[in-house]
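Structure record follows, encoded as structure tokens.
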Amino acid sequence: MIKVVLIGSGNLASHLSRALILAPNIDFVQRLSRNNSNSPYFDPSVPVIRELSELTDADIYILAVNDDSIENLSKQLKHLQGLVVHTSGSVAMRILDPQLRRGVLYPAQSFSLEKKIDFKKVPLVLETENEHDYKLLSDLASELSDRIYKLDSAGREKLHVAAVFANNFSNYMFYCAEELCIEAGISFDILKPMIMETGMKVQELSPGKSQTGPAIRNDLQTINRHLEQLKGDKKVIYENITDAIIKSFKMKEKNGKKL
């Protein structure tokens, strides 16, 4: 059994907590939370502590805290003998105090408190300083998910940037679409099957091959009609993304690359 302590009380911590409880070969011995926030989303059977001085011995300590807290928190954990891992995609492993056995367990997924997910399908990106600790972290990760990847800090940071484009930016596009629908008195539900199809299509085709719309066709009349209906940030976003699509796919054609 791998003894695990979880530090955190936010979105990711709530999902990790569920996954740790369900894993048959993990002994989820303790969770540290400085406050009672989000307590209804956590299983009350796991002992909760409030102070770092109350931390028990464990094989792995998972820091599911915000990026800005990782470095300072790690300095207060120098006495720990177990492997200490943070869960950030954009923070290097070296931010953890060098006196610790250091590692990273980055779930490449978007988490919301209210939305349950199948953690077995969440890609987990791992990094440690030595092979012995990697074996331990890999054993833990394999209990939580079927999708395990090894990346160093530089690779993980590039992945995180890509994730912002794939997830955060695309979701903001959905938000803009919803606002446009509301302004026009149209149900946003009409677009949901299209959004779902786009998400499903990219599972089978590369994004380059599945790109559609007036920009890739260089349909300037349609583009101009759209721009006439927009103003403010949405107009700027439409112009910039349309220009980027046109340039990107023209460049591919120029270089003789098939989409």
- Item | the chain: Cα Rg divided by the 2.2 N^0.38 Å rule of thumb | 1.23
- May I ask you to list the aspartates and glutamates whose Cα is less than 13 Å away from that of K192, ignoring any residue fewer than eight positions away on the same chain? E178
- Query: How big is D for the stretch 144-191, in µm² s⁻¹ as a whole number, if Stokes-Einstein is applied with the Kirkwood radius of its Cα pairs at 37 °C and 0.692 mPa s?
  - Reply: 246 µm²/s
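For the pairs K150/K234; K121/K250; K116/K150; K3/K201, note any where the Cα-Cα span goes beyond 29 Å. Show your work: numbers first, answer last.
Details: K150/K234 38 Å; K121/K250 36 Å; K116/K150 25 Å; K3/K201 40 Å.
Listed pairs above 29 Å: K150/K234; K121/K250; K3/K201.
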- Message: I'd like the projected area of the stretch 156-254, averaged over all directions, using the convex hull of its alpha carbons. Report it in nm² with one decimal.
- Response: 7.5 nm²
- Item | Mean shadow area of the stretch 30-125 over all directions, Cα convex hull, nm² | 6.6 nm²
- Roughly what angle does helix 170-184 make with the longest principal axis of the chain, taking Cα atoms, 0 to 90 degrees, to the nearest 10? 50 degrees
- Query: By per-residue mean of other Cβ atoms within 10 Å, what is the highest-first order of 187-197, 84-94, 31-41?
  - Reply: 84-94, 31-41, 187-197
- Query: At 222 nm, what helix-only mean residue ellipticity would the chain give, in deg cm²/dmol to the nearest 500, using -39500 (n - 2.57) for each DSSP H run of four or more?
  - Reply: -12500 deg cm²/dmol
- Message: Above 20 Å lies some portion of the pair distances; for the stretch 90-223, what is it as a whole percent of all C-alpha pairs?
- Response: 63 percent
- Task: For the chain, find the longest principal axis of its Cα atoms and tell me its angle to the long axis of helix 131-144, 0 to 90°, nearest 10.
- Result: 70 degrees
- Exposure proxy ranking, count of Cβ atoms within 10 Å, fewest first, for K3, K209: K209, K3
- Query: Going by average Cβ neighbours within 10 Å, how do the peptides 120-133, 225-238 rank, with the highest at the top?
  - Reply: 120-133, 225-238
- Message: Expected output is a single nm value to one decimal: the length gained when fully extending between N66 and I21, i.e. 0.36 nm times separation in residues minus the C-alpha distance. What is it?
- Response: 14.0 nm
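Rule-based calculations on the coordinates, nothing more; no lab input. Quantities reported herein were computed from a predicted structural model and do not represent experimental measurements. Using ideal geometry, Cβ is built from the backbone for each residue, glycine included, and neighbour counts are taken over all protein chains shown.
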